Amino acid sequence: MAQAVRRAEILGFDPLANAFRADPYARYRELDAVGPLVRTPVGLWVTTRYELCEQVLRDPGFGHEPTYSVVWRDSPMRRHTFLTMDPPDHTRLRRLVSKAFTARLVERLRPRVEELVAELIAEIPENEPVDLIAALAYPLPVILISELLGVPPEDRDLFKGWSNALARGLDPDFLLPLRDLTRRDQAREEFVEYFRELAARRRAEPRDDLLSALVAVRDGGEALSEEELLATCVLLLVAGHETTVNLIGNGSLALLRNPDQLAWFRDHPEESAAAVEELLRYDPPVHLALRGALEDRDVGGTTVKKGEMVALVLGAANRDPSVFRDPDRLDLTRFAGAARSGAARHLVFGHGIHYCLGAPLARLEGQVALRRLFEHEVSLAETPLTYRDNLVLRGLSALPAAVGKKRWPSS
């Protein structure tokens, strides 16, 4: 109980409470009713409002300077990834990685994504109990990111343990028991050593994969340092894999719980991109971001002083009624057709200079996986659902279901 009180004092809510994990949006609404920017007993600012989240995300006066994030987390490896860097280091590193991880590369992956999804669905026994996370949502992105980085198929199972530990480690240190902190640090060390060796092989014998491109990337004489390269590989594993697992899992559950929207989805396969945008907004794979004030800043009429932290509750911002009409309702037409141009953009992938570099790949995987899965009859098992313990990332531990015959045509 003391730990629960402590967590609530820091964040304004207890993210490990069973009721919160089942439905965080109810608690977000309670927090929102207190005010647009709430200060918790330990001095952390928290906002659930879209306008303020967007403002902080695009404001260069907020950043990731480690000096200000002691309450959250810090490690030497985090300082080498552009996810937690501020300009000018962020600008340089992101520019280098962007030269290797291009939109052209992602679009080139579309046939392989279609092939993988078809193979995974074909392996699901017809009308028998199955966990859709284990059968589809997990293996799709892990196989794809492994192939992208040039990881041999026999080594993919190593990723599962590392990824789980590193994803859990994205949460603030105060939420993590010592065993999880230890597992996170050990997983990072093992992952880094694995890719240190693999990168050395790619330097000697380059291949047509992303790791070889990262090893070779140059921009005006600049290149990734060894530590930056390895930290980027860690980032690609966690951000490029875990968020996609949650997108497919959360999206499948939302469709199964909303039969009218599932029917629309099946009738409009050409709108799968728009449907995925709404699924991302409705129950996003990423719920929280943190920024530190690099100088005194005004946020919604309140002064956030240099060094103070602001927790941005993106899961709540994406259901802000001042931005999204009827926000607690799943509406796959929200971003479809003519509505697309006037719809507010969700904040799942961030905003501003830290906008997620891997967003196009996550979208592609989500669109293909959900469209192909729901060409079949799919029924949700009458089993209590459990969510993983993560706060930053929100996703199911398992999604028990049954997959029947294919009834809807491909498009």
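The values are calculated or read from the model by the stated rules, or taken from the named source; none is laboratory data. Only a predicted model underlies this, so the values are computations on that prediction, with no experimental measurement involved. Note that we place each Cβ from the backbone using ideal geometry, even for glycine, and neighbour counts take in every protein chain shown.
Tabulated results
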| read-out | value |
| --- | --- |
| Lone unmet requirement of (1) closer than 30 Å to Ala17 by Cα; (2) touching a helix residue (DSSP H, G or I) at 6+ places or on another chain (Cβ under 8 Å) for Asp326 | (2) |
| Selection within region 1-54 - part of a helix (DSSP H, G or I) and of a type in the set (Lys, Arg) | Arg6, Arg7, Arg21, Arg27, Arg29 |
| Checking Glu115 against (1) among the acidic types (Asp, Glu); (2) closer than 24 Å to Tyr355 by Cβ; (3) at pLDDT 95 or above, the condition it does not meet | (2) |
| Which numbered condition Arg388 fails, given (1) modelled with pLDDT of 95 or more; (2) within 22 Å of Asn18 (Cα to Cα) | (1) |
| Residue under evaluation Val151, criteria (1) out of contact with any Ser or Thr (no Cβ under 6 Å at 6 or more places or on another chain); (2) within 17 Å of Gly240 (Cβ to Cβ); (3) part of a helix (DSSP H, G or I); (4) not basic (Lys, Arg), criterion not met | (3) |
| Complete set of residues in region 12-44 that are more than 18 Å from Val56 (Cβ to Cβ) and of a type in the set (Phe, Trp, Tyr) | Phe13, Phe20, Tyr25 |
| Verdict on Ala317 being of a type outside the set (Ser, Thr, Tyr) and more than 23 Å from Pro60 (Cβ to Cβ) | no |
| Single residue of region 232-291 satisfying the filter (buried (at least 23 other Cβ atoms within 10 Å of the Cβ), of a type in the set (Asp, Glu) and farther than 22 Å from Leu357 by Cβ) that is farthest from the chain's Cα centre (by Cα) | Glu278 |
| Given (1) at pLDDT 75 or above; (2) of a type outside the set (Lys, Arg); (3) within 24 Å of Leu44 (Cβ to Cβ); (4) more than 19 Å from the chain's Cα centre (by Cα), number of the condition Pro177 does not satisfy | (1) |
| Scan of region 292-301 for residues that are buried (at least 18 other Cβ atoms within 10 Å of the Cβ) and in contact with a Leu (Cβ under 7 Å, 6 or more places away or on another chain), ordered by number | Val299 |
| First in region 340-362 and over 19 Å from Ala316 (Cβ atoms) and at pLDDT below 90, second anywhere and surrounded by fewer than 17 Cβ atoms within 10 Å (Cβ to Cβ) and of a type in the set (Gly, Ala, Ser), Cβ under 9 Å, 6 or more apart | Leu357/Ser98; Pro360/Ala103 |
| Residue check, Val304 buried (at least 23 other Cβ atoms within 10 Å of the Cβ), β-branched (Val, Ile, Thr), in contact with a Leu (Cβ under 9 Å, 6 or more places away or on another chain) and closer than 22 Å to Asp23 by Cα | no |
| Test: Arg207 is loosely packed, with under 15 Cβ neighbours inside 10 Å and in a helix (DSSP H, G or I) | no |
| Identity of the residue in region 37-65, among the basic types (Lys, Arg) and at pLDDT below 95, that ends up farthest from Lys306 (Cα to Cα) | Arg58 |
| Residue check, Glu365 among the acidic types (Asp, Glu) and buried (at least 17 other Cβ atoms within 10 Å of the Cβ) | yes |
| Members of region 368-411 that are crowded, with 16+ Cβ neighbours inside 10 Å and hydroxyl-bearing (Ser, Thr, Tyr) | Tyr387 |
| Number of the condition not met by Ile145 [criteria: (1) surrounded by fewer than 19 Cβ atoms within 10 Å (Cβ to Cβ); (2) under 19 Å from Thr243 (Cβ atoms); (3) of a type in the set (Val, Ile, Thr)] | (1) |
| Strands (runs of 3 or more DSSP E) fully within region 253-336 counting 1 or more residues that are of a type in the set (Gly, Ala, Ser) | 288-293, 309-313 |
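Residues are listed down the side, and each one gets a yes or a no for (1) closer than 21 Å to Gly358 by Cβ; (2) modelled with pLDDT under 95; (3) polar (S, T, N, Q); (4) under 21 Å from the mean Cα position of the chain (by Cα):
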residue	(1), (2), (3), (4)
Met77	yes, yes, no, yes
His80	yes, yes, no, yes
Pro87	yes, yes, no, no
Leu93	yes, yes, no, yes
Phe101	yes, yes, no, yes
Arg108	yes, yes, no, no
Ala122	no, no, no, no
Leu132	no, no, no, yes
